[in-house]
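Chemist: Before I ask anything, let me first share the structure, which is written out below as structure tokens.
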Amino acid sequence: MKILVIEDESKVASFLRKGLEQSGYETDLAADGEEASAKIRAGAFDMVLLDLMLPKITGWDLIPLIRQCNPTAPILALTGRGTIDDRVRGLNLGCDDYLVKPFAFAELLARVQAQLRRGQTLGTAELRAADLVLDLLRRKVTRAGKNIELSNKEFALLEYLLRNKDQIVTRNMIVENVWDASFNNFTNVVDVYINYLRNKVDRGFEPRLIQTVRGIGYTLRSQA
């Protein structure tokens, strides 16, 4: 699952990104309202952590845009202002939860997990192809009923392939969506991780689901 963190305090943003990625969530950052607006319009996110006091465009003004571009994504407001009026205003505009700074990361993570469980983002808690099942909420993967242990990046890669099953995805598309980076910096890293994934979810099983499309990229078949 991908979380957009909109926070202008660099230390707080780095702290959140590190904690969320260690907890298995893909994380993207925006440092001000204008950068956040562009990322909201350009990409799909499963959840947004939103600092309300932002430069250029305030968090208050971003809430309607988030709701317009991604109506189902939970919004967790982060702010140093904890008055009842501020909380009511944020909730009325469309926030799903409200956390006052300073906060403990453990509490933030619990609130993130609660919102994602409640919303079951993108309409499902599971992604499937043949006998391969990826459980988004429990972060578990099984094939033919057998548990498969994946690293956080392997999990994110498999999730991306499953969300785009039966479609061809290029290496560049995978880098942009799984690593949130430029392909120029990643040379053969996609091929390396595809091989890691194949060894865990395809080796010893039939049918082989992850297929190479020569000269283009990869596809994950939904069935034999």
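Chemist: Just the residues that are outside any loop (DSSP other than H, G, I, E, B) and buried (at least 21 other Cβ atoms within 10 Å of the Cβ), please, taken from region 43-60.
Modeler: Of the residues in region 43-60, the ones outside any loop (DSSP other than H, G, I, E, B) are 47-51, 59-60.
Correct list: Met47, Val48, Leu49, Leu50, Asp51, Gly59.
Chemist: Which pairs do you get when a residue that is part of a loop (DSSP other than H, G, I, E, B), found in region 89-107, comes within reach of a residue that is modelled with pLDDT under 90 and polar (S, T, N, Q), reach meaning Cβ atoms under 8 angstrom, with the pair 6+ apart or on two chains?
Modeler: Matching pairs, first to second residue: Asp96/Gln115; Lys101/Thr79.
Okay, residues lined up against (1) at positive phi; (2) crowded, with 19+ Cβ neighbours inside 10 Å; (3) in contact with a Leu (Cβ under 9 Å, 6 or more places away or on another chain); (4) of a type in the set (S, T, N, Q):
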residue: Ile3; (1), (2), (3), (4): no, yes, yes, no
residue: Lys11; (1), (2), (3), (4): no, no, no, no
residue: Gly24; (1), (2), (3), (4): yes, no, no, no
residue: Ala30; (1), (2), (3), (4): no, yes, yes, no
residue: Gly33; (1), (2), (3), (4): no, yes, yes, no
residue: Arg41; (1), (2), (3), (4): no, no, yes, no
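Chemist: Can you tell me which residues in region 61-77 are over 16 Å from Arg118 (Cα atoms) and at pLDDT 90 or above?
Modeler: Asp61, Leu62, Ile63, Pro64, Leu65, Ile66, Ala77
Chemist: Select from region 168-224 the residues that are in a loop (DSSP other than H, G, I, E, B) and among the acidic types (Asp, Glu) and write down the one among them that is modelled with the highest pLDDT.
Modeler: Here is the first cut: in region 168-224, the residues in a loop (DSSP other than H, G, I, E, B) are 168, 180-182, 186-188, 202-209, 214-216, 221-224.
Right, trim to among the acidic types (Asp, Glu) and you get 180, 202, 206.
On the way: Asp180: 66, Asp202: 96, Glu206: 91.
Filtering region 168-224 for residues that are in a loop (DSSP other than H, G, I, E, B) and among the acidic types (Asp, Glu), the one modelled with the highest pLDDT comes out as Asp202.
Chemist: Pairs needed: first member in region 140-166, of a type in the set (Asp, Glu); second member anywhere, surrounded by fewer than 20 Cβ atoms within 10 Å (Cβ to Cβ) and in a helix (DSSP H, G or I); C-beta distance under 9 Å; at least 6 residues apart or different chains.
Modeler: Taking only residues 6 or more apart or on different chains, the pairs are Glu149/Lys200; Glu154/Tyr196; Glu154/Lys200.
Chemist: Any idea which residue in region 113-137 is farthest from Tyr160 (Cα to Cα), counting only those that are buried (at least 18 other Cβ atoms within 10 Å of the Cβ) and at pLDDT below 90?
Modeler: Gln115
Chemist: Considering only region 1-42, state which residues are under 19 Å from Gln115 (Cβ atoms), part of a loop (DSSP other than H, G, I, E, B) and touching a strand residue (DSSP E or B) at 6+ places or on another chain (Cβ under 9 Å).
Modeler: Once the filter is applied, which keeps residues that are under 19 Å from Gln115 (Cβ atoms), part of a loop (DSSP other than H, G, I, E, B) and touching a strand residue (DSSP E or B) at 6+ places or on another chain (Cβ under 9 Å), region 1-42 yields Met1, Glu7, Tyr25.
Chemist: Now for a different question. Whether any residue in region 60-76 is within 17 Å of the chain's Cα centre (by Cα) and small (Gly, Ala, Ser) is what I want to check.
Modeler: Yes, there is a match, as at least one residue in region 60-76 is within 17 Å of the chain's Cα centre (by Cα) and small (Gly, Ala, Ser).
Chemist: Then there is this: Among the residues of region 61-74, are any of a type in the set (Asp, Glu), free of Cβ contacts under 8 Å to residues at least 40 places away in the same chain, surrounded by 13 or more Cβ atoms within 10 Å (Cβ to Cβ) and within 30 Å of Arg221 (Cβ to Cβ)?
Modeler: Initial filter on region 61-74 (of a type in the set (Asp, Glu)): 61.
If we keep only those that are free of Cβ contacts under 8 Å to residues at least 40 places away in the same chain as well, we get 61.
If we keep only those that are surrounded by 13 or more Cβ atoms within 10 Å (Cβ to Cβ) as well, we get 61.
Now restrict to residues that are within 30 Å of Arg221 (Cβ to Cβ): none.
No.
Chemist: Of the residues Asp85, Asp51, Asp131, Asp135, which single one is touching a strand residue (DSSP E or B) at 6+ places or on another chain (Cβ under 7 Å) and over 30 Å from Asp191 (Cα atoms)?
Modeler: On the way: Asp85 fails: touching a strand residue (DSSP E or B) at 6+ places or on another chain (Cβ under 7 Å); Asp131 fails: over 30 Å from Asp191 (Cα atoms); Asp135 fails: over 30 Å from Asp191 (Cα atoms).
The conditions single out Asp51.
The values are calculated or read from the model by the stated rules, or taken from the named source; none is laboratory data. All values reported here derive from a predicted model rather than from experimental measurement. Cβ atoms come from the backbone with ideal geometry, glycine included; neighbour counts cover every protein chain shown.
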